[in-house]
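What follows is a single structure, written as C-alpha cells, with notes after it.
The values are calculated or read from the model by the stated rules, or taken from the named source; none is laboratory data. If you're wondering where the values come from, they're calculated on a predicted model, not measured in any experiment. All Cβ positions, even for glycine, are placed from backbone atoms using ideal geometry, and neighbour counts span all protein chains on display.
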Amino acid sequence: MVRTRAVPFAVGGDHSIALPAMRAVAKEHGPLAVIHVDAHLDTSDDAVWGDAYRHGTPLRHAIEEGLVERGQLHQVGVRAPWGYPEEGTLAANHGAVLHDAEAIAERGAVAVGAQIAQTIGAHPVYLTFDIDGVDPAFAPGTGTPVPSGLTSREAISLLRSLAGIRLVAMDLVEVCPALDHADVTAHLAAQLLYEGSCATRASSSWAFTAKPNPRRRRYERAGGAFVRSLRRARYRVMQATDWGSMPSSERWRSPWR
C-alpha cells in the first residue's frame, strides 16, 4: 500500500499499533516527522509495567530504531504524570518539541499547529493521534483518560491548521467503545479521521511528482465507485422506508438514521 503512494489510516485500539505502522512507512519514505497527540509521552520502558512493548512505549522504540527524524517529533497535549523522572529524556535528547496542554490553552491550537507545520516543512509526516489527548469530557471512551486536555474544537482546529503538510500516514488509537457514552468518542474519532483525510488531499500534490502509478488510479476509481454505491443504496432505502416524511420525534427509531 505504501509503495503505491497511498496514504494508510490505521484505527485502534491499542497505541502499540503505531510502531509497526511507522516501520512500514519509514521503510518507504525514510525517517519521519511525527506529530504525536496524546496525554502521555509514550516513551516509557519496561521499568514501570514490566513490558517493553505496550501502548506506553511506541515512541521510545520508534526513536531508538531511527524511524523519527531528529528534531521532528512534535508532541501535543501531553499532561499526564511521568512514570519516572527520566521518562522524557530520550525524546528531549532527540530534539523533540513538546506542546503540552497548557501551551494549547495559552497560545491556541491553530497557532501551535501552524508552528508545527512550518517546522516540518517538506518532511514526510506520520500523524499519530491518541484519543486521550482530548479531555475526557469530550472523549470519555478511552482506557487512560486524563483531565484538562484538548477540547473537541481544539483537536479539530489543530488538524485543520496542519493543511499542506506532506502527510504519508495517520493512526487514531485508544478508542474504547465499552467506556464510551452515547458514542461521543466514536463520533469525534470519525471526525478527526475525516480531518486527517482532508489534510491528505490538501497536501496531495507531492504524491504526483513521481511517475503516475496505474495501481493508485485503480484504487482511487474503486474507492469512488464504492462511495457512490453507498450513496445510491442509502437513497433507495430512504425512498423505500419513506424516512424523509417521518416526524422528527420518530426518526431516531429508524435503523437508517
For the list (1) crowded, with 19+ Cβ neighbours inside 10 Å; (2) under 22 Å from residue 173 (Cα atoms); (3) not aromatic (Phe, Trp, Tyr), I need the number of the one condition that residue 120 fails. (2)
I'm trying to understand the selection: among the residues of the stretch 177-198, which are over 11 Å from the mean Cα position of the chain (by Cα) and either outside the structural domain of residue 80 (by TED's automatic domain parsing) or in a helix (DSSP H, G or I) (or both)? 177, 178, 179, 184, 185, 186, 187, 188, 198
Just one listed residue, out of 168, 184, 125, 146, is surrounded by fewer than 17 Cβ atoms within 10 Å (Cβ to Cβ) and of a type in the set (A, V, I, L, M), and it is 184
Does residue 116 satisfy the condition of being at negative phi, touching a strand residue (DSSP E or B) at 6+ places or on another chain (Cβ under 6 Å) and in the same structural domain as residue 173 (by TED's automatic domain parsing)? yes
Would a scan of the stretch 65-74 turn up a residue that is free of Cβ contacts under 8 Å to residues at least 24 places away in the same chain, farther than 30 Å from residue 178 by Cα and not in a loop (DSSP other than H, G, I, E, B)? no
Please return the ranges of helices (runs of 4 or more DSSP H) entirely within the stretch 87-176 where 2 or more residues are farther than 12 Å from residue 37 by Cα and at pLDDT 95 or above. 101-107, 109-120, 152-160
Any idea which of 25, 78 is at pLDDT 95 or above, in a helix (DSSP H, G or I) and surrounded by 17 or more Cβ atoms within 10 Å (Cβ to Cβ)? 25
Mind checking whether some residue in the stretch 160-168 is of a type in the set (Ser, Thr, Tyr) and within 30 Å of residue 47 (Cβ to Cβ)? no
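Yes/no matrix, rows are residues, columns are (1) closer than 30 Å to residue 4 by Cα; (2) in contact (Cβ under 8 Å) with a residue 24 or more places away in the chain; (3) in contact with a strand residue (DSSP E or B) (Cβ under 9 Å, 6 or more places away or on another chain):
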site	(1), (2), (3)
122	yes, yes, yes
126	yes, yes, yes
133	no, yes, yes
136	no, no, no
148	no, yes, no
159	yes, yes, yes
164	yes, yes, no
167	yes, yes, yes
